[in-house]
Amino acid sequence: MQLIPQNKWIYLFILSIIWGSSYILIKRGLVGLTPIQLGSVRIVFSTIFLLIMCYKSLQGLSKNEWKWLVITGFLGTFFPSFFFAFAQQYIDSAVAAIMNSLTPIFTLLVGIGFFATKILARQYVGIFLGFIGSVGLIWGGTQINASQPMGYVLLIMCASMCYAVNIYFLKHKLARVSPMAMTLGNFIAILPPAVVLLLFSDFFSIQQLQTNRVQTSLLYIALLAFFGTAIAKVMFNRFVKMASAVFVSSVTYTLPIVALFWGTLDGEYINTFQLLATAVILIGVSLANRPKKPN
């Protein structure tokens, strides 16, 4: 199927809905699972779904392409899955989504540092505003709950940096690999360590699996794995092929709107200062993401 330019906006909208809902599913999954169990189960479930959907797509991949599939699998999925699981033990789902909206700024910084990307003055302003807003969001969280260990926000920033580097690797190292093969290859690469972690997490004990909390959490993680990981990853890899790296990363500042909606329904509270900080982050990301005007 030939991709037309307008399709990138459709992909942006759908991915915003799916990934904006992922944070509340992680929160629900943590009710009955530990972060290690959640991250591992998410990867195992996603791999199973993908094998069913596109098991024939891996034919003809070279050793060099497999090398980059392993690297992008860990950067784009493995590490972020656990970073978010650990962080959301202490950080509200909406705040996690807002912090992840820094990904376009990290994408720009990676482009400057490693790919000689030239940027405009307003993009520097956008980077500055993005980080000012993130500091404000963290400070606002301490006003709601002074005992909240906001250092876990650093895990979300690490996940955002992983996403940023991953976007460039996908575009520059795996441009000839189909989105289906790219996605399945990523998950096959990270499946073994995920299974090992799950085996050592006491997940398979009878008492653990028989509790209602665990069973309910597994249902939420199955939904997360199918929609938020398997389906969304295939869509995202197609998205990477049709749009610029910075436009692709802009999905992370539309999905917080969805996450805020779910967080509000779930009783999460965001104070006025945090809303202002969120606005500053989104303005900063918008400035950083705005392309150069044609002459």
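Considering only residues that are without any contact (Cβ under 8 Å) to a residue 60 or more places away in the chain and surrounded by 14 or more Cβ atoms within 10 Å (Cβ to Cβ), which ones fall in region 107-118?
L109, V110, I112, T117
Among what's in region 89-109 and is more than 13 Å from the chain's Cα centre (by Cα) and in a loop (DSSP other than H, G, I, E, B), pick the residue that is nearest to Q37 (Cα to Cα).
The residue in question is Q89.
Hey, can you tell me all the residues within region 183-213 that are surrounded by 17 or more Cβ atoms within 10 Å (Cβ to Cβ), at pLDDT below 90 and part of a helix (DSSP H, G or I)?
Selection gives T183 alone.
Might you let me know whether region 88-96 holds any residue that is under 27 Å from R176 (Cβ atoms) and buried (at least 19 other Cβ atoms within 10 Å of the Cβ)?
Within region 88-96, not a single residue is under 27 Å from R176 (Cβ atoms) and buried (at least 19 other Cβ atoms within 10 Å of the Cβ).
Mind listing just one residue for me: the one in region 50-65 that is part of a helix (DSSP H, G or I) and among the hydrophobic types (A, V, I, L, M, F, W, C) and, of those, surrounded by the most Cβ atoms within 10 Å (Cβ to Cβ)?
Among those residues, the one meeting the criterion is L50.
Looking at (1) modelled with pLDDT of 85 or more; (2) among the β-branched types (V, I, T); (3) buried (at least 22 other Cβ atoms within 10 Å of the Cβ), find the lone condition where I18 falls short.
Of everything listed in (1) modelled with pLDDT of 85 or more; (2) among the β-branched types (V, I, T); (3) buried (at least 22 other Cβ atoms within 10 Å of the Cβ), I18 misses just condition (3).
What are the pairs with Cβ atoms under 6 angstrom where one residue, in region 29-49, is surrounded by 20 or more Cβ atoms within 10 Å (Cβ to Cβ) and the other, located anywhere, is of a type in the set (S, T, N, Q)? Sequence gap at least six, or different chains.
G29/S217; G32/S217; L33/S217; Q37/S201; G39/S81; R42/S81; S46/T229
Residue-wise test of (1) within 18 Å of the chain's Cα centre (by Cα); (2) more than 17 Å from G60 (Cα to Cα); (3) modelled with pLDDT under 80.
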position: L129; (1), (2), (3): no, yes, no
position: I132; (1), (2), (3): no, yes, no
position: Q143; (1), (2), (3): no, yes, yes
position: A146; (1), (2), (3): no, yes, yes
position: G151; (1), (2), (3): no, yes, yes
position: I156; (1), (2), (3): yes, yes, no
position: L170; (1), (2), (3): yes, yes, no
position: S178; (1), (2), (3): no, no, no
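The values are calculated or read from the model by the stated rules, or taken from the named source; none is laboratory data. Bear in mind the structure is a predicted one, so any value in this text is a computation, not a measurement. In this analysis, Cβ positions are derived from the backbone assuming ideal geometry, glycine residues included, and neighbour counts consider all displayed protein chains.
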